[in-house]
Amino acid sequence: MSGEDAVTAELAAEAAGVLQAATRMLAGVALRSLDVLDAVVTLPQFRLLAVLADLGQVPSGQAARALGLDRSTVTRLAGRMVAAGHVSRGTDPRHRGMVTLELTPSGRDLVAAADAWRRQELARIMARLSPAQQAVVTVALGLLVGAAGDDYGITALRPVPL
């Protein structure tokens, strides 16, 4: 391995370590945002609510694909969320046998509350940085999100790349 290749490998290893730490921090912020909901929903239930917030009214099979879950699992999750009043079940007028899922106002409020807390917490963390550092972080994360493309995120419909 040449000296340049060794430096590149060392930088890649360092970047992977920093990204792993950032992932843990961001996952922690996301998980803690559920605390503001006073244990009204579990993480899997919230994931369903978040997908429906992003996709709107969708067939239950599409929600299952977006979550990477079996349809039966989503049916059970949705059943609990319907009973709690956070999701409504319907049918597609063109395909009466197709079950659709959609957030109710209560479900939208839960997603909005968690999202607002996350934004506030991330702003609090960013405020620990100087304005110049904030700009660097914003640009760097924007580049990273752009590089990931549509393969990641709560509504990524493609399989995880190997």
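The values are calculated or read from the model by the stated rules, or taken from the named source; none is laboratory data. Everything numeric in this text was worked out from a predicted model, so none of it was measured. Here Cβ is always computed from backbone atoms with ideal geometry, including for glycine, and neighbour counts include all displayed protein chains.
For the stretch 85-111, what are the residues that are assigned to a helix (DSSP H, G or I) and surrounded by 12 or more Cβ atoms within 10 Å (Cβ to Cβ)?
Answer for the stretch 85-111, where residues must be assigned to a helix (DSSP H, G or I) and surrounded by 12 or more Cβ atoms within 10 Å (Cβ to Cβ): Ser106, Gly107, Arg108, Asp109, Leu110, Val111.
Just one of the numbered conditions (1) farther than 30 Å from Leu141 by Cβ; (2) of a type outside the set (S, T, N, Q); (3) touching a residue at least 40 places away in the same chain (Cβ under 8 Å) is not true of Gly85; which one?
So the condition that Gly85 fails would be (3).
Which of (1) more than 20 Å from Ala64 (Cβ to Cβ); (2) within 20 Å of the chain's Cα centre (by Cα) is the odd one out, the single condition Val87 does not satisfy?
Here Val87 clears every test but (1).
If Arg124 satisfies every condition in (1) modelled with pLDDT under 95; (2) in a helix (DSSP H, G or I) but one, which is the exception?
Condition not satisfied by Arg124: (1).
Which residues, counting only those in the stretch 23-63, are part of a helix (DSSP H, G or I) and charged (D, E, K, R)?
Within the stretch 23-63, Arg24, Arg32, Asp35, Arg47, Asp54 meet the criteria.
Starting from the stretch 13-38, keep only residues that are at negative phi and exposed (fewer than 12 other Cβ atoms within 10 Å of the Cβ), then list their pairs with residues that are part of a helix (DSSP H, G or I) and hydroxyl-bearing (Ser, Thr, Tyr) whose Cβ atoms are within a distance under 9 Å, requiring at least 6 positions of separation or different chains.
none
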